[in-house]
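Just so you know, all these numbers are worked out from the coordinates, no wet-lab data involved. Because the structure is predicted, anything quoted here is derived from the model rather than measured. Cβ coordinates were reconstructed from backbone atoms using ideal geometry, including for glycine residues, and neighbour counts include every protein chain displayed.
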Amino acid sequence: MEKSDLKERNQILDEILESRRSIRVFKEEKPPKDWIEDIIEAGMLAPYAAAAVGDEKDFRRFFVFEKGSESIETAAQLMQKKAADGVQHFENLMAEKPFIRSKFEPFVKRLQMAVDNGVPGVGSAPYFLVVAELRGVPPAEQESLAHVLENMWLKATALDLGFQLVSLTSQMAEDEGFMGLLELPLKKFALNGCAVGYPAFIPPATPRPDTMKATRWMD
Ligand SMILES: Cc1cc2nc3c(=O)[nH]c(=O)nc-3n(C[C@H](O)[C@H](O)[C@H](O)COP(=O)(O)O)c2cc1C
């Protein structure tokens, strides 16, 4: 590749990496479906744990939920219920072991907000995308899912779309109702998800540690 082309390619990549943000408020307007397909294609290109899943070719699936659809209403209700179960579980745990309260409380408060107001991005954003990755031996599906979602995030950024990770989606892999909705067998797949739409506004970059200080070149 020509030096100037290489420079231009890296400038574009750097600009995308630097402008990626967590977007938590979306406009009503729906992005075009082919952009959502492009985001999914970027996810499909992400690496997968080939040694862990063996010869299985059907190791990754995508599910598109649209705002206002029947399926997103069902998904949102099931996820809200999962958040409520989580609150109950951690409240019991904190009652049993009061010394963990200070560490767990902020997380439980966030879960309680999902119970009260709905899971952020699920039903409120134009699209909620769920990714399922085949479980393997050794388990590496959550790492694979992180790669998939990062690819999707960067593609969404390149399209000037907003993207929010919806971590609670991973809990739904154990939920019979949710897996039934996806028509996936229980125990075979891990899940994660994200919300996508036009950002209502672009927040400033969040701080990062100084890279030089965080990096040590070993002798
Ligand atoms: C493993 C992981 C899980 C996350 N889960 C959520 C989530 O459920 N909801 C959310 O709004 N952001 C979630 N985030 C996004 C982080 O909060 C965000 O990346 C961080 O605050 C930095 O902001 P930035 O993405 O704008 O750089 C998650 C990030 C990671 C790495």
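Rounded is the label for the chain, because a/c, from the alpha-carbon gyration tensor with a ≥ b ≥ c as root eigenvalues, stays below 1.5.
Its residues counted as N, the stretch 1-110 yields a C-alpha radius of gyration over 2.2 N^0.38 Å of 1.62. The order of the peptides 170-177, 154-161 by mean Cβ neighbours within 10 Å, most packed first, is 154-161, 170-177. A simple packing score, the average count of other Cβ atoms within 10 Å per residue, orders the peptides 66-74, 210-218 as 66-74, 210-218, with the highest score first.
What share of Cα pairs, in percent, lie more than 16 angstrom apart in the stretch 75-160? Tail of the P(r) past 16 Å holds 67 percent of the pairs.
Cross-link partners for Lys97 among the lysines, with Cα-Cα distance under 28 Å and sequence neighbours closer than 8 places in the same chain left out: Lys81, Lys82, Lys109. Counting every other Cβ atom within 10 Å of each residue's Cβ, His147, His89 order from fewest to most as His89, His147. What the pair-distance distribution of the stretch 45-117 shows, using all Cα-Cα distances binned every 5 Å from zero, is 3, 13, 15, 12, 10, 11, 16, 13, 6, 1 percent. Sorting Ser19, Ser102 by the number of Cβ atoms found within 10 Å of their own Cβ, with the fewest placed first, yields Ser102, Ser19.
Residues whose amide H lies under 5 Å from that of Arg20, counting only those 5 or more places away or on a different chain, are absent; hydrogens are built 1.01 Å from N in the peptide plane.
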